[in-house]
Amino acid sequence: MTEPIATVEQAGETKRVSGFSGTDIPSYDDYARCVHCGLCLNHCPTYKLWGLEADSPRGRIRQIVLVDQGRLPLGDSFVKHIDQCLDCRACETACPSGVEYGKLVETARSQIEQNYRRPFFSRLSRDFVFRRLLPYPRRIAIVARTLYLYQRSGLQSLARATGILKLLGLADRERLLPPIDREFFFSRLGRTYPAVGHRRARVALFAGCIAQVSFSALHEATIRVLTANGCEVVVPAGQTCCGALAAHAGVRDAARSVARTNLGVFLREDFDAIVTNAAGCGSTLKEYEHLFPNGTQDHAKAAAFQKKMRDATEFLAALGMTAHLGSLPLRVTYQDSCHLLHGQKVREAPRTLLRAIPGLELVEMSMADYCCGSAGSYNVTETQTSLELLSEKMKHASATGAQVIATANPGCLLQMRAGAEIHSTGQEVVHVIELLDRALASR
Ligand code: SF4
Ligand code: SF4
């Protein structure tokens, strides 16, 4: 592996300079770990779809190296192949050399953000979503109320029935809109929920951004399950979006800004753990360190914060469930969330919890560790590829004969609910925690 070339014009002789500049440059130490063995290739959904080296992990790493060495322009081709990556990190799990691919692709995207001019509408929408919407709960609430009216006033049914969405090319994306709650979870911020019986732990709940307007019921279920198992649950006020969507898209200034807010809020008090029911958020929250340079105060805070960060299933399985569970006579299959399995290396915890429910039969689907196509905002930006992956996923899920598909991430829930509808599988898609909550209710 050649070291990056970063020289400038000297004595009239033009030398190649790195195509990367500014902040968050993919590190030589990170990409030099790749030994080109190709063991990751068959684990990569985009490589399996198209069979192109340029859309494989090894090929993408090579392109990052070439841009860093000034041998490939940071132009349309590079942007296309990096954009087409799901950031599912299945390649990380497969890699014997310990390449932290997620870190590489996210810094490459940050370079694109800083050094490449996207089309006008793309720049506008990225700026609006990542910098002007997600960090602001009030703005999220305004957009959500508008969407709620659209969904509940009959307008949505009308738009679907008249085919106008198809005409505008929006039918697929519209289907992926989260159903908006009548009451938002924002009203619960600042509350503390006492443990049922003897207190075994005191935890903080990370509530996220979009989840507060479309997954309030999941948050309520998480609180019920945690308190029933002896946890006092604090929902700290002032918390905000985790920054995962922005970090995945390379908008790292926005991710850093919300991370600083969350570090201030969650380190104010001492908790045994900080818990999230969203694997996509959890993966970024556990890697806040990556957003800040070594040796800075923010980096030290991030280190303290992420030590406490746990996925809800990981936390409960480690704590051990003490609450009595009623029977749920259901055949259930589990879909691994990429950011729980590949990002956080949590595989067994959700399965352990599901097996603990009396009457529930857990059946494994083949390729459960393969992305469903949700991948943060990938289903919006690369909709057709996302739907192809979803179609494969639904075939595997359907083949299990399970009535219920369980997973551990709101993004995957939305994607597979759309999949069950599009492919008429008749399966219900729920979070693992919601099944535990139902088992508690059926005692
Ligand atoms: S993150 Fe996923 S899509 Fe991207 S290169 Fe790795 S395996 Fe392929
Ligand atoms: S498995 Fe790891 S070392 Fe091998 S090609 Fe893929 S990223 Fe490189």
Phi angles of the stretch 317-325, converted by Karplus (6.51 cos²θ - 1.76 cosθ + 1.60, θ = phi - 60°) into ³J(HN,Hα) in whole Hz with x for Gly and Pro, give 5, 6, 5, x, 7, 10, 5, 6, 10
For the stretch 133-219, size of Cβ-based charge dipole, Lys and Arg +1, Asp and Glu -1, in debye:
300 debye
Sorted largest first, extent of the stretch 202-273 alpha carbons per principal axis (Å)
39, 28, 17
The value for the chain (convex hull of the alpha-carbon atoms, volume per residue, Å³) is 148 Å³
Put +1 on the Cβ of each Lys and Arg and -1 on the Cβ of each Asp and Glu in the chain; which of Phe20, Phe315, Ala94 then has its Cα farthest toward the positive end of the dipole?
Phe315
Nonlocal amide H pairs with Met309, under 5 Å, H built at 1.01 Å:
Ile274
For the chain, find the longest principal axis of its Cα atoms and tell me its angle to the long axis of helix 216-228, 0 to 90°, nearest 10.
60 degrees
HN-Hα J couplings of the stretch 77-89 from phi, Karplus 6.51/-1.76/1.60, θ = phi - 60°, integer Hz, Gly and Pro as x?
5, 4, 4, 4, 5, 6, 5, 6, 6, 6, 6, 7, 6
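How much length, in nm to one decimal, is gained on full extension between Val79 and Leu177, taken as 0.36 nm per residue of separation minus their Cα-Cα distance?
32.6 nm
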For q = 0.13, 0.14, 0.29 Å⁻¹, Debye-computed log10 I/I(0) when each Cα of the stretch 94-142 counts as one equal scatterer
-0.49, -0.55, -1.03
Between Ala304 and Leu158, what length comes free when the chain is fully extended (0.36 nm per residue of separation minus the Cα-Cα distance, one decimal in nm)?
47.5 nm
For a quick size check, give me the Cα extents of the stretch 292-408 along its three principal axes, largest first, whole Å.
52, 44, 18
Tell me the mean residue ellipticity at 222 nm calculated for the chain from its helices only (DSSP H runs of n ≥ 4, each -39500 (n - 2.57), averaged over every residue, nearest 500).
-13500 deg cm²/dmol
May I ask you to list the trypsin sites (Lys or Arg not before Pro) in the stretch 218-298 that are in a DSSP loop and have at most 14 other Cβ atoms within 10 Å of their Cβ?
Arg268
Among Leu104, Ser157, Tyr193, the residue whose Cα sits farthest towards the positive end of the charge dipole of the stretch 50-205, when +1 is placed on the Cβ of each Lys and Arg and -1 on the Cβ of each Asp and Glu, is Tyr193
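DSSP loop (so not H, G, I, E, B), at most 14 other Cβ within 10 Å: list which GluC sites (Glu not before Pro) in the stretch 149-251 pass both filters.
Numbers: sites: Glu174, Glu183, Glu220, Glu232; in loops: Glu183.
Within the stretch 149-251, the qualifying GluC sites (Glu not before Pro) (loop, at most 14 other Cβ atoms within 10 Å) are Glu183.
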Give, as a single signed number, the net charge of other residues whose beta carbon lies under 11 Å from the beta carbon of Val346, with Lys and Arg counted +1 and Asp and Glu -1.
+1
Where does helix 101-115 land angle-wise versus the long Cα axis of the chain, in degrees 0 to 90, nearest 10?
60 degrees
Once the Cα atoms of the stretch 367-443 are picked out, what are the Rg and Dmax in Å?
12.8, 44
Treat each spin label as a single point 7 Å out from the Cα along the C-beta direction, and report the Ala217 to Ser327 distance in nm.
2.5 nm
For helix 297-308, what angle does its Cα long axis make with the longest principal axis of the chain, in degrees from 0 to 90 and rounded to 10?
40 degrees
Rounded to the nearest 20 debye, what is the charge dipole size of the chain about its Cα centre when +1 sits on each Lys and Arg Cβ and -1 on each Asp and Glu Cβ?
980 debye
How large is log10 of I(q)/I(0) for the stretch 353-394 at q = 0.14, 0.28, 0.30 Å⁻¹ when the intensity is taken from the Debye formula with one equal scatterer per alpha-carbon?
-0.45, -0.89, -0.96
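Between Val35 and Leu72, what length in nm is gained on full extension when 0.36 nm per residue of separation is reduced by their alpha carbon distance? Each step should come with its number before you reach the end.
On the way: separation 37, 0.36 × 37 = 13.32 nm, distance 2.00 nm.
So the extension gain works out to 11.3 nm.
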Lone cysteines, the chain (no partner Cβ under 4.7 Å):
Cys34, Cys37, Cys44, Cys85, Cys95, Cys231, Cys372, Cys412
Counting only residues 5 or more places away or on other chains, whose amide H sits under 5 Å from the amide H of Arg331 once H atoms are built in the peptide plane?
Glu361, Gln403, Val404
Mind checking which of Ala171, Ile210, Thr222 is farthest towards the positive end of the stretch 167-250's charge dipole, using Cβ charges of +1 (Lys, Arg) and -1 (Asp, Glu) about the Cα centre?
Thr222
Going 7 Å from the Cα of Ser21 along its beta-carbon direction, which residues of the stretch 111-135 have the amide nitrogen within less than 17 Å of the resulting point?
111-118
With Cβ to Cβ distances under 13 Å as the rule, what net charge do the other residues near Phe305 carry (K, R +1; D, E -1)?
+2
Quick one: of Lys301/Lys393; Lys286/Lys395; Lys103/Lys301, which pairs are farther than 29 Å apart, Cα to Cα?
Lys301/Lys393; Lys286/Lys395
Applying a 10 Å radius around every beta-carbon, put 427-439, 238-250, 322-334 in order of their mean neighbour count, most first.
238-250, 427-439, 322-334
Could you let me know the centre-to-centre spacing of the stretch 152-211 and the stretch 35-73, using Cα atoms, in angstrom?
36 Å
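Quick note: the coordinates plus some simple rules give every number you see, no bench work behind them. Everything quoted here is computed from the prediction, not taken from an experiment. Reconstructed Cβ throughout: ideal geometry from the backbone, glycine too, with neighbour counts over all protein chains shown.
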